[in-house]
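Enquirer: Below is a structure I'd like to ask you about.
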Amino acid sequence: MKKLWQKIKQIKHWEIYATVIVVVIMLGIYLSSLGGSKKSNQTETVSTVTESNSTYASQLESKLESVLGCVAGAGHVAVMVMTDGEGTAELAYDVQEKTVEQAGANGQAITTTTVDKTVVIKNGSPMVLWKNPPAMIGIVVVATGASDVSVRLNLLHAVQTLIGDKNVPIQILSGI
């Protein structure tokens, strides 16, 4: 063991080599653990998205296809929109406030206010004031004319303008 240690010490900059080896091993362990969990999360997200809110996504896809198909040189256009779920709904509530005054132990008046909040039911279901659409995860546009850079940029700018959210990843691909 001492001979091995002596040989290692004779190598120029052996500390750097040892550090690189340790970092590579740690990086390999980290990436292998990250890769396994990432795949299972992506699978769950895709199944949730496709089952939960296909109507909103399909309506948006249809509108995008019709608009993007009008872009000069775009050709045939297909769009896929991925969302993160169903969105949220704001329900109507009936709020009733009750105030009760009582005499306290030392003769002071104590005022207690309670608020009762109940969901308004209309025709057997909760009354919805408005619906917030689900958040978009990503958009893929496939167009036959997207091999031309100017057409690709025009499609990208059109999608960004129409969705109004710069944080949504958009992929423009050339189709056949």
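Enquirer: I8 passes all but one of (1) surrounded by 10 or more Cβ atoms within 10 Å (Cβ to Cβ); (2) at pLDDT 75 or above; (3) not assigned by TED's automatic domain parsing to the domain that holds D148; which number fails?
Expert: Unmet condition: (2).
Enquirer: Against the conditions (1) at pLDDT 90 or above; (2) touching a strand residue (DSSP E or B) at 6+ places or on another chain (Cβ under 7 Å); (3) loosely packed, with under 11 Cβ neighbours inside 10 Å, where does A72 fall short? Just the number, please.
Expert: Status for A72: all satisfied but (2).
Enquirer: Would you call V81 in contact with a strand residue (DSSP E or B) (Cβ under 7 Å, 6 or more places away or on another chain), modelled with pLDDT of 85 or more, closer than 24 Å to Q171 by Cα and part of a strand (DSSP E or B)?
Expert: yes
Enquirer: Filter segment 93-146 for residues that are modelled with pLDDT under 90, touching a strand residue (DSSP E or B) at 6+ places or on another chain (Cβ under 6 Å) and not in a strand (DSSP E or B) and give the result.
Expert: Within segment 93-146, G104, V120, P134 meet the criteria.
Enquirer: Still on this structure: Determine, yes or no, whether E86 is part of a strand (DSSP E or B) and surrounded by 10 or more Cβ atoms within 10 Å (Cβ to Cβ).
Expert: In short, no.
Enquirer: Just checking, does segment 93-116 include any residue being exposed (fewer than 10 other Cβ atoms within 10 Å of the Cβ) and under 32 Å from the mean Cα position of the chain (by Cα)?
Expert: No, there is no match, as no residue in segment 93-116 is exposed (fewer than 10 other Cβ atoms within 10 Å of the Cβ) and under 32 Å from the mean Cα position of the chain (by Cα).
Enquirer: While we're looking at this one, here's another question. Only one of A135, A72, A103 is small (G, A, S) and touching an Asp or Glu at 6+ places or on another chain (Cβ under 7 Å); which?
Expert: So the residue among A135, A72, A103 that is small (G, A, S) and touching an Asp or Glu at 6+ places or on another chain (Cβ under 7 Å) is A135.
Enquirer: Kindly indicate whether S33 is at pLDDT below 75, over 30 Å from R152 (Cβ atoms) and surrounded by 12 or more Cβ atoms within 10 Å (Cβ to Cβ). Even if it seems obvious, please write down each step before you answer.
Expert: Numbers: at pLDDT below 75: yes; over 30 Å from R152 (Cβ atoms): yes; surrounded by 12 or more Cβ atoms within 10 Å (Cβ to Cβ): no.
No.
Enquirer: Being surrounded by 10 or more Cβ atoms within 10 Å (Cβ to Cβ) and among the basic types (K, R) is the filter here; which residues of segment 134-167 pass it?
Expert: Within segment 134-167, just R152 meets the criteria.
Enquirer: Continuing with this model, one more query. Checking K131 against (1) surrounded by 13 or more Cβ atoms within 10 Å (Cβ to Cβ); (2) closer than 22 Å to Q59 by Cβ, which test does it fail?
Expert: Just one mismatch for K131, condition (1).
Enquirer: Limited to segment 120-172, what total is found for residues that are among the hydroxyl-bearing types (S, T, Y) and closer than 18 Å to S66 by Cα?
Expert: Number satisfying all stated conditions: 2.
Enquirer: Which of (1) under 27 Å from A89 (Cβ atoms); (2) touching a residue at least 40 places away in the same chain (Cβ under 8 Å); (3) among the charged types (D, E, K, R) does K166 not meet, given it meets every other one?
Expert: K166 satisfies every listed condition except (2).
The values are calculated or read from the model by the stated rules, or taken from the named source; none is laboratory data. Please read these numbers as outputs of a predicted model, since none were measured by experiment. For neighbour counting, all protein chains shown are included, and Cβ atoms are generated from backbone atoms with ideal geometry for every residue, glycine included.
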